[in-house]
Amino acid sequence: MTRIITVANQKGGVGKTTSTVNIAAAIAQAGHRVLVIDMDPQGNASTALGVAHHEGTPSVYEVLSGELTLADVIAECPDIPGLWAAPATIDLAGAEIELVAQVAREYRLRRAIDTLLAGQDFDYVFLDCPPSLGLLTLNGLVAAREVLLPIQCEYYALEGLSQLLRTVDMVRTHLNPDLAVSAILLTMYDGRTRLASQVADEVRTHFGAQVLATVIPRSVRVSEAPSYGQTVVTYDPTSSGALAYREAAAQVVEMAPSGISTGLSTDI
């Protein structure tokens, strides 16, 4: 069964897109067929994966509006065989408003993915959601079976996490009973600061085994890679960031979906 994983956090700047593309790239390098669906109008995931997303490019917007299928818009990434991407363009910013009046608007992406998987085989599908809890993120949560939460190792990152977990619970109750938070990834970890260690300890105390053992360190190479249209695992494979993302990807692969807990506490 294809594992469909939404990477979500309504707070911006927590390493959500960076984590999506690098984990996806590392899994593809291990021999799996992986698809990344860029749900963010900024198109940062599309940039990092080296796929075109300029205005006029067939994109996720046309998929959600019903004009095209996912098979029409996906493109293989130039640097990594087996890694595919459905790009996002700025047009996607209007989808939130345009879909409001549509019937079954929350299920648009889910139906598009089901149609794609009926004709093509992918081992993993990653959904990179925008930093909000709007209709685009809701489509991502309804389409997925798992949620990966990146959390920045700073105090503000913990604020708003309860709201996100309540949203996941709401979606599971009313729209997608198969949804569960499968993993939490600690990002932007700076071992020189006491605060980073405190935040990491607090997250591990609340969520236990659902927090991946690997933490992603702050790394200049991770920040540089997108400007070259690459992920850090191809831009500088021996850097600390690339090694950390490979370890995190291996841990995501090892997680059995059937063993996911659905009873996360929302008391942060």
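The values are calculated or read from the model by the stated rules, or taken from the named source; none is laboratory data. Fair warning: this is a prediction, and the values are worked out from it, not measured in the lab. Counting neighbours? That spans all protein chains shown, and the Cβs are built from the backbone with ideal geometry, glycine included.
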**Asked** Just one of the numbered conditions (1) of a type outside the set (Phe, Trp, Tyr); (2) in a strand (DSSP E or B); (3) out of contact with any helix residue (DSSP H, G or I) (no Cβ under 6 Å at 6 or more places or on another chain) is not true of Asp114; which one?
**Response** (2)
**Request:** Only residues that are within 16 Å of Ala250 (Cβ to Cβ), of a type in the set (A, V, I, L, M) and out of contact with any strand residue (DSSP E or B) (no Cβ under 6 Å at 6 or more places or on another chain): list them for the range 1-24, please.
**Result:** Ile23
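To keep it simple, each residue is scored yes or no on (1) farther than 30 Å from Tyr155 by Cα; (2) in contact with a Cys (Cβ under 9 Å, 6 or more places away or on another chain).
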position	(1), (2)
Met1	yes, no
Ala8	no, yes
Lys11	no, no
Gly56	yes, no
Ser65	yes, no
Leu68	yes, no
Cys77	yes, no
**Message:** I'm trying to understand the selection: among the residues of the range 120-138, which are over 11 Å from Ala8 (Cβ atoms), over 12 Å from the mean Cα position of the chain (by Cα) and touching a residue at least 60 places away in the same chain (Cβ under 8 Å)?
**Reply:** Asp121, Phe122, Asp123
**Complete:** Listed by first then second residue, the pairs whose first member lies in the range 101-118 and is charged (D, E, K, R), whose partner is not in a helix (DSSP H, G or I), with beta carbons under 7 Å and at least 6 positions apart or on separate chains, are Arg105/Leu99; Glu106/Leu175; Arg108/Leu99
**Single residue of Leu109, Leu148 found to be of a type outside the set (Gly, Ala, Ser) and in a helix (DSSP H, G or I)** = Leu109
**Message:** Being in contact with a Pro (Cβ under 9 Å, 6 or more places away or on another chain), closer than 21 Å to Gly56 by Cβ and not hydroxyl-bearing (Ser, Thr, Tyr) narrows it down to one residue among Ala95, Ala85; which is it?
**Reply:** Ala95
**Message:** I'd like the full set of residues that are surrounded by fewer than 19 Cβ atoms within 10 Å (Cβ to Cβ) and either part of a helix (DSSP H, G or I) or without any contact (Cβ under 8 Å) to a residue 40 or more places away in the chain (or both), limited to the range 219-235.
**Reply:** Val220, Arg221, Ser223, Glu224, Ser227, Tyr228
**Message:** Quick check on this structure: which one of Leu185, Leu243, Leu212 is within 20 Å of Val36 (Cα to Cα), of a type outside the set (S, T, N, Q) and modelled with pLDDT of 90 or more?
**Reply:** Leu185
**Asked** Can you tell which of Thr262, Thr193 is at negative phi, under 20 Å from the mean Cα position of the chain (by Cα), at pLDDT below 90 and surrounded by fewer than 19 Cβ atoms within 10 Å (Cβ to Cβ)?
**Response** Thr262
**Message:** Anything in the range 159-190 that is crowded, with 17+ Cβ neighbours inside 10 Å, out of contact with any Cys (no Cβ under 8 Å at 6 or more places or on another chain) and either on the phi > 0 side of the Ramachandran plot or part of a helix (DSSP H, G or I) (or both)? List them, or say none.
**Reply:** Leu161, Leu164, Leu165, Thr167, Val168, Val171, Arg172
**Asked** Quick one: is Glu247 among the acidic types (Asp, Glu), free of Cβ contacts under 8 Å to residues at least 24 places away in the same chain and out of contact with any helix residue (DSSP H, G or I) (no Cβ under 6 Å at 6 or more places or on another chain)?
**Response** no
